[in-house]
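Below you'll find the structure, written out as structure tokens, and then a few comments.
The values are calculated or read from the model by the stated rules, or taken from the named source; none is laboratory data. Keep in mind the model is a prediction, meaning the values are calculated, not measured. Cβ sites come from the backbone with ideal geometry, for glycine too, and all protein chains shown count toward neighbours.
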Amino acid sequence: MSRGAAPGPMMGAPEPARCAQCGWAQVLVAGPDLGVQPAPDVVILPPLRCGTGMTDAQIEAYARKKEWRCGWCDLGHRRMVRVDQCPYCAGPWERAEHDEFPSGEPRTRLSCRCHCEAEWYPARGWGKTQDFRLNPGLIARLQAVMGDPAVCEWCGDPTFDFVDRPDGFFRRCLRCRGIHRW
């Protein structure tokens, strides 16, 4: 398939704009309760936790968010173009689990012994690694505000294991599996 060509998140909806930087079709970023179906080109925001410090207006904007953004340039996901090997260590995948989205589109969840996790979308011919939390802009903002709290910034759990990959040394939360730079 061509780049970004596949069933979109909303059948019959106009084709999303292409990213000015990389040229790929943008993905829909939607609030948690808008009824949008999960798909490779849809990012559903997680539900908010208590004590976010957000105003009512900010919470309302978060819950109703529905915008097109680049999953690679803006959201920091890493695109995969090969399914036969891990993009970090070039080794074979240790585990592959096949399932599908609610729409029936197939996907394969992959994990490697170097702790890389990814999803492959056979109908589209591409995939993405699940390391969006390594987005340098996001990490810099979090560290400026929080420092190093010694707990997971996403779920608050204090337990980590350590991951040494070719792209760096990281902490991985044992609860939510989020990757954290030092």
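Hey, among the residues in the range 58-95 that are among the acidic types (Asp, Glu) and at pLDDT 85 or above, which one's nearest to the chain's Cα centre (by Cα)? Let's see the steps before the verdict.
So the first thing to find is which residues in the range 58-95 are among the acidic types (Asp, Glu), and the list is 60, 67, 74, 84, 94.
So of that shortlist, the ones also at pLDDT 85 or above come out as 60, 67, 84, 94.
Numbers: Glu60: 23, Glu67: 16, Asp84: 20, Glu94: 20 Å.
Within the range 58-95, the match that is nearest to the chain's Cα centre (by Cα) is Glu67.
Out of the strands (runs of 3 or more DSSP E) lying entirely within the range 21-73, which hold 2 or more residues that are touching a residue at least 40 places away in the same chain (Cβ under 8 Å) and either under 24 Å from Asp99 (Cβ atoms) or small (Gly, Ala, Ser) (or both)?
Details: elements: 27-30, 42-44, 66-69.
Because the criterion is at least 2 residues that are touching a residue at least 40 places away in the same chain (Cβ under 8 Å) and either under 24 Å from Asp99 (Cβ atoms) or small (Gly, Ala, Ser) (or both), the strands (runs of 3 or more DSSP E) in the range 21-73 that meet it are 27-30.
Would you call Leu110 among the hydrophobic types (A, V, I, L, M, F, W, C) and free of Cβ contacts under 8 Å to residues at least 40 places away in the same chain?
On the way: among the hydrophobic types (A, V, I, L, M, F, W, C): yes; free of Cβ contacts under 8 Å to residues at least 40 places away in the same chain: yes.
Criteria met by Leu110.
Answer yes or no: is there a residue in the range 7-19 that is modelled with pLDDT under 85, touching a strand residue (DSSP E or B) at 6+ places or on another chain (Cβ under 7 Å), within 19 Å of Trp120 (Cβ to Cβ) and of a type in the set (A, V, I, L, M, F, W, C).
Within the range 7-19, not a single residue is modelled with pLDDT under 85, touching a strand residue (DSSP E or B) at 6+ places or on another chain (Cβ under 7 Å), within 19 Å of Trp120 (Cβ to Cβ) and of a type in the set (A, V, I, L, M, F, W, C).
Take the residues in the range 130-182 that are surrounded by 13 or more Cβ atoms within 10 Å (Cβ to Cβ) and of a type in the set (S, T, N, Q); name whichever of them is modelled with the highest pLDDT.
Here the residue is Gln130.
Only one of these is modelled with pLDDT of 80 or more, buried (at least 16 other Cβ atoms within 10 Å of the Cβ), more than 14 Å from the chain's Cα centre (by Cα) and in a loop (DSSP other than H, G, I, E, B): Arg124, Arg113. Name it. Walk me through how you get there before you give the answer.
Working: Arg113 fails: buried (at least 16 other Cβ atoms within 10 Å of the Cβ).
Result of the check over Arg124, Arg113: Arg124.
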